[in-house]
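The values are calculated or read from the model by the stated rules, or taken from the named source; none is laboratory data. Please read these numbers as outputs of a predicted model, since none were measured by experiment. Virtual Cβ from ideal backbone geometry, glycine too; neighbours counted across all protein chains shown.
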Amino acid sequence: MNRLTFRVACASALLAMMSAMVSADELDDIQRQRAQIDLARSQAEATWQQADEACKKRFAVTGCREKVDKQRQAELKALRDQEIQLNDRERRIRGAMAQDRLQQREREQAERLQAPKVQSEPPVREQSDAVVVPEGKLPKAQGERLPKTPSAPTEAEQRENAKKRQERLQESEQHRKDVQKRHESQSSKPLALPQPGEFPK
């Protein structure tokens, strides 16, 4: 990874961390405001209860209660409007945070793809005719053969294995489609009702 790529990666990570911190602070602020709205709502309900009880003691109960209800509705509507604005703000912040996380993942993935691939070659073992046999696995009889040591598959074998794997996947996908067609054709055909005279008496 060259220096420029490293600096860009560091800068983007720093920006992501800063935006996450700012977003977290904003979310905390939203939670505080939401708690204040809940408190104001409960106070409005308590005030309404007191005013409603006071109205019941008056001579003109209906007019007083209507006035108190209108005040209550106006207060609750104002609180609900504030809550809706907070919800919108929170949604935007969470969306921006999700977008930042997605961009960060994409940057990291692009960096991994751009980074030079270091292929570590397996250590070269000296070829010998001797076969290493685990203890306790020695042949018992004179004519018994020693097990062969497994060797790493060659590139041609790897390609062949990949080709076979792909063929099996295609076969299983075709089988799944065939079964699905069969189920669809069976479920689309209505069952025939017996006609009079079909069954022996």
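Points worth noting:
- Unmet criterion (only one of (1) in a helix (DSSP H, G or I); (2) at pLDDT below 90) for Arg58: (1)
- Only one of the numbered conditions (1) over 30 Å from Glu106 (Cα atoms); (2) at pLDDT below 90; (3) hydrophobic (A, V, I, L, M, F, W, C) is not met by Ile37, and that is (2).
- Scan of the stretch 60-104 for residues that are surrounded by 15 or more Cβ atoms within 10 Å (Cβ to Cβ), of a type in the set (Asp, Glu) and closer than 16 Å to Ala40 by Cα, ordered by number: Glu75, Glu83
- Test for Gln99: is it over 30 Å from Ala110 (Cβ atoms), part of a helix (DSSP H, G or I), of a type outside the set (A, V, I, L, M, F, W, C) and modelled with pLDDT of 90 or more: no
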